[in-house]
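Contents: one structure, followed by commentary.
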Amino acid sequence: MPRGNPAVKLAISVDADIHAKVLDAAQAEGTSVSAWMTAAARRALLLRDGLAAVAEWEAEHGALSRAEIEAARTRIARTASRRKRARR
């Protein structure tokens, strides 16, 4: 964390099987458990916000069609592929 943005401590309890998997995942990614949990929470919150945005859009415009969903999946896959290549 940057100096001007100190971390806030959070005590949590997790199931034993999740605890072991988090420890393994953090080690595999070469990061601390705190950093791994922060990244996981950030992804979960982003997903939640995205799902809420889709629900709001569908409430106003109607359900997305299969074609629209497939087009979105294709765009997401392309973007993920480009980002993966850029990291190399």
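The values are calculated or read from the model by the stated rules, or taken from the named source; none is laboratory data. Being a predicted model, the structure only gives us computed values, none of them experimental. Cβ: placed from backbone, ideal geometry, glycine included. Neighbour counts: every protein chain shown. When the accessible area is computed, the model is the full protein with side chains, heavy atoms only, and any ligands, DNA or RNA have been set aside. Shrake-Rupley method; radii C 1.70, N 1.55, O 1.52, S 1.80 Å.
Just a few scattered comments:
- Reported count of residues in the stretch 56-67, each being surrounded by fewer than 10 Cβ atoms within 10 Å (Cβ to Cβ) and in a helix (DSSP H, G or I), is 5.
- Note on the stretch 3-55: residues that are within 29 Å of Ala72 (Cβ to Cβ), among the charged types (D, E, K, R) and either open to solvent by 100 Å² or more (accessible area, probe 1.4 Å) or touching a residue at least 12 places away in the same chain (Cβ under 8 Å) (or both) amount to 4.
- Scanning the stretch 27-42 for residues that are farther than 17 Å from Ser13 by Cα and aliphatic (A, V, I, L, M) returns Ala28, Ala39.
- Some residue of the stretch 40-52 being touching a helix residue (DSSP H, G or I) at 6+ places or on another chain (Cβ under 9 Å), of a type in the set (A, V, I, L, M) and part of a helix (DSSP H, G or I): yes
- Boolean, Ala80 is of a type outside the set (D, E, K, R) and assigned to a loop (DSSP other than H, G, I, E, B): no
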